[in-house]
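The values are calculated or read from the model by the stated rules, or taken from the named source; none is laboratory data. Computed from a predicted model, the values in this text were never measured in an experiment. With ideal geometry, Cβ positions are generated from the backbone for all residues, glycine too; neighbour counts draw on all protein chains shown. Remember, those area values only see protein heavy atoms, side chains included, never the ligands or the DNA or RNA. Shrake-Rupley method; radii C 1.70, N 1.55, O 1.52, S 1.80 Å.
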Amino acid sequence: MPRINEHFLNLRAAYLFAEIRRRTQAFADAHAAARIIDLGVGDVTRPLPAAVVRAIHEAADDMARAETFKGYGPYVGYEWLRGEIAAQDFGPRGVALSPDEIFVSDGGKSDSANLQEIFASDAVVALMDPVYPVYADSNVVAGRSGPADASGRYAGMVYLPCVAENAFQPALPDRHVDLIYLCYPNNPTGAVATREALARWVHYARANDAIIFYDAAYEAYIVDEDVPHSIYEIEGAREVALESRSFSKNAGFTGMRLAYTVVPKQAVGRSADGRAHSLNALWARRVNMKSNGPPYVIQKAAAAVYTPEGAKQVRALIDFYMANARVIRDGLAAAGFTVYGGRNAPYIWFRTPAGVSSWEFFDRLLSELHIVGSPGAGFGPSGEGYFRLTAFGSREQTEEAIERIRARLRP
Ligand code: PLP
């Protein structure tokens, strides 16, 4: 028998959303008549924008003709898409990027899991707590964490608690760290970072030779004028920050799979002998080795998001989900819950009733009200005592879920 990577044994038994799906399925199997409303995993429910669907059809036709057929594409994505990304996602924010600083991939999940590969195996990792679980898990299996304690906390990682008491804004680490995961707008708390807060992080990273992985998967949901959309709006960020975005939650691409990560030319790390190395070159080398690029058809579909028609349709999708967010926010508040998020993000974060753990609340919501949410503890130890609902459901189901909560649940 070959030896396994024993760091896998340090992972929690199941990935959070897999465990939510498992419990939901078990309940559904045992209660066939229950009308379960799923506001848990955070998958979108609206169909793709019409401009995107048209682009898929056209791209399929390209694949059907010898003259326009495409085989392997560039490993890092087609330049026509990377050019649109640079021009339209960053240009208007005063950020000039060149297409070769943009790496198109099959998802923010894989990018956020894979980025740690280009850093030393003894790099010290800091992460927001609670946060999207992939950052922690990918570093656990890379051997950077050691085992977890009973609360799920890894001794080898630096947690940056984000709780109501600090308005979900983490303090800077109190020790040296090498790699910092920031997620804004945040999944799960819905919090955003001010320009000043982001500038503090950039300053910390520059002063401590750290790199920030900035996950802006929910950037399109920002409505407050003074909230930065990209970390590169902060002076000095190019040397110390990598930024990831996804087409999943703005354009409904969760089943299509497309995202990108920006690795600026100025970002560097060092080898043991002290020499500087371009992170852009390292990441390009890694992508060239491990990817043949996302499908042509999907990249064509993504390019349609940047047409005037596509952009308008994407905006309408976001507006739709944010109307759901208001329904949830207002309904929970009216039911007496203390509610956060749901303004610049499609997630609503609220406290569980006193003395009820987040997994107990999950089970209760499922068994009594037939509603699926996400327990805060699944996003990190500081998520205990909180719960997340998503705005990605249908309007009818969202309204019905809130009606069930208002009628039958008290904090
Ligand atoms: N980053 C964050 C913060 C997310 O919440 C998610 C999905 O929920 C992702 C990345 C993954 O996005 P994708 O569908 O592009 O893999």
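Some points to look at:
- Sequence ranges 202-210, 267-275, 177-185, ranked by mean other-Cβ count within 10 angstrom, highest first: 177-185, 202-210, 267-275
- Ranking by accessible area, most exposed first, for 21, 12 with a 1.4 Å probe: 21, 12
- Where the chain is the region considered: accessible area per residue in Å², 1.4 Å probe: 43
- When the range 53-306 is described by a simple charge dipole with +1 on each Lys and Arg Cβ and -1 on each Asp and Glu Cβ, the residue from 217, 236, 304 located farthest towards its positive end is 304.
- Taking all Cα pairs closer than 8 Å and separated by 6 or more residues, the relative contact order of the range 53-306 comes to 25 percent.
- With all protein chains in place and a 1.4 Å probe, the accessible surface of the range 38-170 carries 55 percent carbon and sulfur.
- Residues whose amide H lies under 5 Å from that of residue 211, counting only those 5 or more places away or on a different chain, are 179, 180; hydrogens are built 1.01 Å from N in the peptide plane.
- In Hz, Karplus ³J(HN,Hα) per residue of the range 215-221 (6.51, -1.76, 1.60; θ = phi - 60°; x = Gly, Pro): 9, 10, 4, 10, 3, 5, 8
- Residues whose amide H lies under 5 Å from that of residue 168, counting only those 5 or more places away or on a different chain, are 163; hydrogens are built 1.01 Å from N in the peptide plane.
- 5 angstrom amide H check on residue 268, placed H, neighbours 5+ away: 279
- ³J(HN,Hα), Karplus 6.51/-1.76/1.60, whole Hz, each residue of the range 158-168, x for Gly, Pro: 9, 8, 10, x, 10, 10, 4, 4, 10, 6, 6
- Radius 14 Å from Cβ of residue 165, net charge of other residues (Lys, Arg +1; Asp, Glu -1): -1
- Residue (of 248, 367, 380) at the positive-pole extreme of the chain, dipole from beta-carbon charges: 367
- In order through the range 196-208: 3J(HN,Hα) via Karplus (6.51 cos²θ - 1.76 cosθ + 1.60), integer Hz, x for Gly, Pro: 5, 5, 5, 4, 5, 5, 5, 4, 4, 4, 5, 6, 10
- The charge dipole of the chain, taken about its Cα centre with unit charges on the Cβ atoms of Lys, Arg (+1), Asp and Glu (-1) only, comes to about 460 debye.
- Its DSSP H runs of at least 4 residues, each contributing -39,500 (n - 2.57), put the calculated 222 nm mean residue ellipticity of the chain at -10000 deg cm²/dmol, to the nearest 500.
- Farthest positive-ward along the range 191-297 dipole, Cα basis, beta-carbon charges - from 264, 291, 227: 291
- Taking the DSSP beta bridges with both ends in the chain, the antiparallel portion is around 55 percent.
- Carbon/sulfur fraction of accessible area - the range 296-411, other protein chains in place, 1.4 Å, %: 51
- Straight-line cross-link partners of residue 109 among the lysines, defined as a Cα under 20 Å from its Cα and at least 8 positions apart when in the same chain: 249, 290.
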